[in-house]
Amino acid sequence: MGRLDFQKIVAWLSYILRCPVCGHKYNLERTRIIDTKDERPALGASLLVHTDCDSCKSSVVFSIAIDGPEIFSIGMVTDLTSADTSKFKNRKPISPDEVIAAHEFLLTFNGDFRSVLR
Ligand SMILES: [Zn+2]
């Protein structure tokens, strides 16, 4: 296998992938490659693809792994835009301590977002 043409792969995927929420077929123009990895193109590659559904307006991030003739895809419904997905893809995961801190903050939060977000 030579170097993979990710644009062709995305065009093919947008033809076969359907929205997990409403079943609508994806529009190629609303499908963006967020990240690719093909350090070993003879063995395969992986892609992170973001797409918006024209019908129900939900967004899905697909993690796609290409292993020779086999393609595996996992879709996750998200409220992130493609720009958000690019922004957050290399961020550190939220730690248990951060979750506990948010929980403790919310226990006493009075609901006044204006004062908190200043
Ligand atoms: Zn949909």
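Any read-out appearing in this document is the output of simple, stated calculations on the displayed coordinates, not a laboratory observation. From a predicted model like this one, the values you see are computed outputs, not experimental measurements. Cβ atoms come from the backbone with ideal geometry, glycine included; neighbour counts cover every protein chain shown.
Points to keep in mind about this one:
- Angle between the chain longest axis and helix 6-16 axis [Cα atoms, degrees, rounded to 10]: 80 degrees
- Acute angle (nearest 10 degrees) that the helix 96-108 long axis makes with the longest principal axis of the chain, alpha-carbon atoms: 40 degrees
- Theoretical FRET efficiency, 1/(1+(r/R0)^6), r = Cβ-Cβ of ILE74 and ASP5, R0 22 Å, to 0.05: 0.50
- Candidates ILE94, ILE64, ILE16, ranked by Gaussian network fluctuation over the chain, Cα under 10 Å, top entry: ILE94
- The chain: calculated mean residue ellipticity at 222 nm from DSSP helix runs of at least 4, using -39500 (n - 2.57): -8500 deg cm²/dmol
- Positive-end ranking of LEU13, THR78, LEU28 along the dipole of region 6-90, with charges on Cβ about the Cα centre, is headed by LEU28.
- Cross-link reach is defined here as a Cα-Cα straight distance under 18 Å, omitting same-chain residues fewer than 8 places apart; for LYS57 the aspartates and glutamates meeting it are GLU29, ASP79, ASP84.
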